[in-house]
Amino acid sequence: MIKQQLHMTAAQYRETVMHLPAPTLPPGVEQSRLPKPLQVRLADLTVNPPVMAYRVPRRMNKTEEAYDRHLRYQQMAGVRIRCWYFEPCKWELPHSKGKRNTFTPDFLVRYEDGSEEWIEIKRAWRVKRSRTEYRPGFQGDGRTKLVTFAGTYPHLRVVLRWFHPYHSTWEEELFNG
């Protein structure tokens, strides 16, 4: 019997299934009490485009991952960090030629006392002819955008942080305090 079921042709399978009794409802369940099948109209699916475009954050680089770990360790050590977000939003900046200019801070850190910091993370570059001096590495107009962001939104606490490999600490430069 088992061998016949394993080596059954498609026609034999259809014939076997056709002779099975129709499924019945369990006793005490009425057909009218069953949920109706879901019906979706196309008009329900069309939604007006959102006013603000939400962006999917990119993946963290190694320096940003290291800072994310640092925040976790700080929280475990007792620093009153409520939560933090990676690239939470994109900010509009003024531009002299009228072009669109935006800046996306790397982290927003919220503390339990209600304060928050907008943090930009940069990789440290060693200063030429120095073994112990490191500076944050900017490419292109990165520093200009950071300074413009801090000047445009003076009510926000903006911090630039970079990892100093010689001292194994996170160095910082405060723009708005």
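Readers should treat all values here as calculations from the given coordinates under stated rules, not as data from a laboratory. All values reported here derive from a predicted model rather than from experimental measurement. Neighbour counts are summed over all protein chains in view; Cβ atoms, including those assigned to glycine, are modelled from backbone coordinates with ideal geometry.
Numerical summary
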quantity	calculated
Exceeding the 20 Å Cα-Cα cut-off - candidates K62/K122; K99/K122; K97/K145; K62/K128; K97/K122	K99/K122; K62/K128; K97/K122
Viscosity 0.692 mPa s, 37 °C: Kirkwood-radius Stokes-Einstein D of the range 62-174 over Cα pairs, µm²/s	215 µm²/s
L174 versus S96: modelled label distance in nm, points set 7 Å from Cα along the beta carbon direction	3.1 nm
